Amino acid sequence: MAKFQAIKEMLYSYKNIVDMFKKLLIKTKRRYAVLTTLALFMIVIWFNIFGFQSQTVIVKAERGTVEEEVLVTGKTRSRQEVDLGFEVGGKISTLNVQIGSPVISGDTLIKLDQSSFRASLRKAEAKLTEALVELESAQGEIENAYQTHSTNVKNAYTKADDAVRNDVDQFFTNSRTSQAMFNPSIEDSGLTYSGGISQTTKSELSWKRVEIEKLLTEWELSQKNLGKGENLSDAYQLAQNNLHTVRDFLDDVALAINSLGSIGFQYDATIQGYKNTVSEARNKVNMALSDMIVSRDKLGSAPKTTSETEYNKVLIEEARVESLRADVSSIEADLAKTVIHSPISGIVTKLEVEKGEIVNSGAILISVISEKELQVEANVSEINIGKLAVGNQVIITLDAFPSETYDGEIFYIDPGETIIDRVPTYKISVKFNDPTKPELRSGLTANLSIVTRKVEEVIKVPLYVVEKQGDKHFVKIKIGNGDNIEKKEIIVGLQGKDGSIEVISGLSEGEEIIADL
């Protein structure tokens, strides 16, 4: 019975050994950490019972700091992660990225074949044009001429925007930013062919694309008040000047694209497609200019007709025109859905499609994560979750970089439980205080040391000198100068991560405690 009693007392006395090896459970494979801890613990038991003779030591109660700690493991995750797909189905015609490619917000990632949508758009626009002609007859030449001219002035911006941002932007990277770069190329088996376009030409076109973006942005803002008679003339002059600027830009792009030579018959169709795209963009701008000039001249020469019969017919035809305009807008919206742009800057982490493949609407085809805003997600047991709070400071180590430590802070605790292996846990999110470290990336194993409570300037003693009997705690103290020893009850508080425990009452600073090891 004496040996069993010794084992019982020693199990409690050496509880701090288990605490010391908790960190081992975090920083190594869990299975081996458990085996190592148990093996060392059993060695201590064996030597204390059957091997070494016990030794008596004297420690002093001291004043200091006691910190409570919770240790958990987690994974680094991006705070921004998006899964993208098409809202319409179709055939992949353009694939600009691969897994691991860096992207900037606004970059074109994937594009569907737009031929059927553009055919539908041309058909709808033809019907609208026909309706506008009939509306002209119904409302009188002056009203129609004014409306047509106003529409053409509005459409000038739309066609210039389409020519630049939807057609020729495929030859630029970061096209809508101040870092726009003209870089038409053909990639095959990791090789890139740029056709020998000079660096000077690329630099000039890159700068001009930045200026065109400013022009389009300011032009779009000016459209809000268009339609009021007093500013139609000013809007026409602005549109005319802007179209000339855009046309000059497209002419320069055409010269560069047309200089691309043949590098093999298998790429001739691609190069010709590039040339056709630029040609189509130029035609849009030229047509917009022509339409505005014609409608301006017609507005200046049209007579005034205002009979009641014509007015009634106008109401009917105007309703028809608005319906057809809605049809055109709907097709344009569907056309916009054939292009996937990156909503964030980051890295492509998943790509589930190949060029030429037929895809369905709603399917997730590509994923992008931001590597600039990383966090750590971990699951904490219900035993420890009550100790944590938003704002707790965290020391983070990563298995990939064991010699480095990072400071962090808990910023979110999930109020709902997550069942893992039939055990309720609660997810916490920890942010890095300095998320700009270049080595940080998503998916790394992270070890978290969370200081949950801290008391300063308190009396503390090593945990191994404290004996627990039921709900009470005792220490052995020496009486006088002799060998007399008595047990003294103490009230304990916070248990520290360093193997110490707070003494709330029962001991004074410097008081000596006897312990048998």
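The values are calculated or read from the model by the stated rules, or taken from the named source; none is laboratory data. A quick note: this is a predicted structure, and the numbers were derived from the prediction, not measured. Don't worry about glycine lacking a Cβ; one is built from the backbone with ideal geometry, like all the others, and counts go over all protein chains shown.
For region 442-492, a residue qualifies if it is buried (at least 18 other Cβ atoms within 10 Å of the Cβ), in the same structural domain as G408 (by TED's automatic domain parsing) and either over 48 Å from the mean Cα position of the chain (by Cα) or at positive phi (or both), but none of them does. Of all residues in region 407-443, those that are in a strand (DSSP E or B), within 25 Å of T349 (Cα to Cα) and of a type in the set (S, T, Y) total 1. Of all the listed residues (D434, D421, D414, D407), the sole one being surrounded by 15 or more Cβ atoms within 10 Å (Cβ to Cβ) and either touching a helix residue (DSSP H, G or I) at 6+ places or on another chain (Cβ under 7 Å) or of a type outside the set (V, I, T) (or both) is D414. Scanning region 198-242 for residues that are in contact with a strand residue (DSSP E or B) (Cβ under 8 Å, 6 or more places away or on another chain) and at pLDDT below 90 yields L232, A235. Checking each residue in region 495-517 for being in a strand (DSSP E or B) and under 14 Å from V57 (Cβ atoms) picks out E512, I513, I514, A515, D516. Among the residues making up region 464-477, those that are out of contact with any Phe, Trp or Tyr (no Cβ under 9 Å at 6 or more places or on another chain) and not aromatic (F, W, Y) are V465, Q469, G470, D471, K472, H473, V475, K476, I477.
Taking the numbered list (1) over 14 Å from V359 (Cα atoms); (2) at pLDDT 90 or above in turn, K127 passes all entries but (2).
Filtering region 381-401 to residues that are within 25 Å of the chain's Cα centre (by Cα) and either assigned to a strand (DSSP E or B) or within 16 Å of E417 (Cβ to Cβ) (or both) leaves Q393, V394, I395, I396, T397, L398, F401. Is region 347-355 home to any residue that is polar (S, T, N, Q) and more than 30 Å from R118 (Cα to Cα)? Within region 347-355, one or more residues are polar (S, T, N, Q) and more than 30 Å from R118 (Cα to Cα).
Yes/no per residue for (1) surrounded by 11 or more Cβ atoms within 10 Å (Cβ to Cβ); (2) modelled with pLDDT of 80 or more; (3) closer than 30 Å to P184 by Cα:
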site: G261; (1), (2), (3): no, no, yes
site: G264; (1), (2), (3): no, no, yes
site: Q272; (1), (2), (3): yes, yes, yes
site: E280; (1), (2), (3): yes, yes, yes
site: K284; (1), (2), (3): yes, yes, yes
site: D297; (1), (2), (3): yes, yes, no
site: S301; (1), (2), (3): no, no, no
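A search for C-beta distances below 9 Å between a residue of region 316-328 that is over 21 Å from S120 (Cα atoms) and any residue that is at pLDDT 80 or above and part of a helix (DSSP H, G or I), counting only pairs 6+ apart in sequence or on different chains, returns E317/A131; E317/L132. What do you reckon, is E377 more than 24 Å from the chain's Cα centre (by Cα) and part of a strand (DSSP E or B)? Answer is no for this residue.
Of all the listed residues (V72, V82), the sole one being buried (at least 19 other Cβ atoms within 10 Å of the Cβ), under 27 Å from the mean Cα position of the chain (by Cα) and within 23 Å of T445 (Cα to Cα) is V72.
The condition (being closer than 21 Å to L112 by Cβ, assigned to a helix (DSSP H, G or I) and polar (S, T, N, Q)) is satisfied by just one residue among S367, S330: S330.
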